[in-house]
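The next block holds one structure in the form of structure tokens; read it before the comments.
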Amino acid sequence: MKSILSIAVLAGLATFASAQNGVLYYSQDSTGDLFSLDTSTGVATLAGTTGVTSSTVGLSKGTLGDLYGTTFQNLSRITPNSGHTVIGGNIAAEGLAYDVSTDTLYWSINGSFGSADPATGNRTTTLAAPGADYEGLTYHNGFVYGIADGGDFSRYEIATDTWTFLANVGFGSDNAGLAYDAVGDTFYITSDFDNNLYAMNGSTFVVSLVGDTGLADASGGLAFQANPVPEPATMAILGLGALAALRRRKK
């Protein structure tokens, strides 16, 4: 019985840890709606508004649980399950990625690429062009990753201002959304190719179908907002609780 309880406690802790990955958000073109997408099934659930009024939309993670989005010309700060606040500016982006370490946004539209100030929404620098129309962007660990409307998946190295081709996802991806879950080492993709959510392994770049979003149109922006990592004290409390449970069972 002790062994069974030990396994159950460990499984519970593992479930707790996996549940901390975060939430995948999707901003739909033209409708102004924000959705969360189930990363196991692809099913969309309404999660607020974005202020989008055009067919061009970028979305990225932000700070303190918020998101950044384009409405097209302006930048907005989006609070899931609440609403949005227009920041303004001239960002006019289809793809959007955010580097929290430098507080820098990266934008893309019609084959152009550059940086922007999240405080004002204004473009700051035009950077190396990716060589195609990369409409979905996401940031991780010194790199901006992008997916082009022909399905090409590439990586931009911030330190060297260079793009490197990595793979082709195997389907057209106009008006694509791209997001990255660092804990699961997984990229997520949506586009107007169909209404599905796709997952791509971050090491092998193998793409797999997650499922139908249930939406009439899956073109728009994607962002993965990671949940805060539990403090050491929180994990210690969980561990003490598990030990206490084992001791009670032993008695």
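The values are calculated or read from the model by the stated rules, or taken from the named source; none is laboratory data. Quick caveat, the model's predicted, so the values are computed rather than measured. Note that each Cβ is placed from the backbone with ideal geometry, even for glycine, and that neighbours are counted across all protein chains shown.
Just one of the listed residues (N90, N81, N74) is modelled with pLDDT of 85 or more, loosely packed, with under 15 Cβ neighbours inside 10 Å and more than 17 Å from the chain's Cα centre (by Cα), namely N90.
The set of residues in the stretch 192-202 that are in contact (Cβ under 8 Å) with a residue 40 or more places away in the chain and either crowded, with 22+ Cβ neighbours inside 10 Å or under 13 Å from the mean Cα position of the chain (by Cα) (or both) comprises L197, A199, M200. Scanning the stretch 173-185 for residues that are in contact with a Gly (Cβ under 6 Å, 6 or more places away or on another chain) and surrounded by 15 or more Cβ atoms within 10 Å (Cβ to Cβ) gives S173, A176, G177, L178. Does at least one position in the stretch 104-114 carry a residue that is in a loop (DSSP other than H, G, I, E, B), touching a strand residue (DSSP E or B) at 6+ places or on another chain (Cβ under 7 Å) and not basic (K, R)? The answer is no, given that none of the residues of the stretch 104-114 is in a loop (DSSP other than H, G, I, E, B), touching a strand residue (DSSP E or B) at 6+ places or on another chain (Cβ under 7 Å) and not basic (K, R). A Cβ distance below 7 Å, combined with a sequence gap of six or more or placement on separate chains, defines the contacts here; from the stretch 164-191, residues that are under 12 Å from G95 (Cβ atoms) reach residues that are of a type in the set (S, T, N, Q) and at pLDDT 95 or above in the pairs L178/T138; A179/T138. Scanning the stretch 29-51 for residues that are crowded, with 20+ Cβ neighbours inside 10 Å and at pLDDT below 85 yields a single hit, D29. Counting the residues of the stretch 170-228 that are at positive phi and of a type in the set (D, E, K, R) gives 1. Could you tell me whether the stretch 153-164 includes any residue that is crowded, with 22+ Cβ neighbours inside 10 Å, in contact with a Ser or Thr (Cβ under 7 Å, 6 or more places away or on another chain) and within 20 Å of V57 (Cα to Cα)? No, every residue in the stretch 153-164 fails to be crowded, with 22+ Cβ neighbours inside 10 Å, in contact with a Ser or Thr (Cβ under 7 Å, 6 or more places away or on another chain) and within 20 Å of V57 (Cα to Cα).
Of the strands (runs of 3 or more DSSP E) lying entirely inside the stretch 132-251, those carrying at least 2 residues that are within 23 Å of N110 (Cα to Cα) and at pLDDT 90 or above are 134-140, 143-148, 152-157, 162-168, 177-181, 186-190, 220-226. Scanning the stretch 135-152 for residues that are of a type in the set (A, V, I, L, M, F, W, C) and buried (at least 20 other Cβ atoms within 10 Å of the Cβ), we see that the one that is farthest from Y68 (Cα to Cα) is A148.
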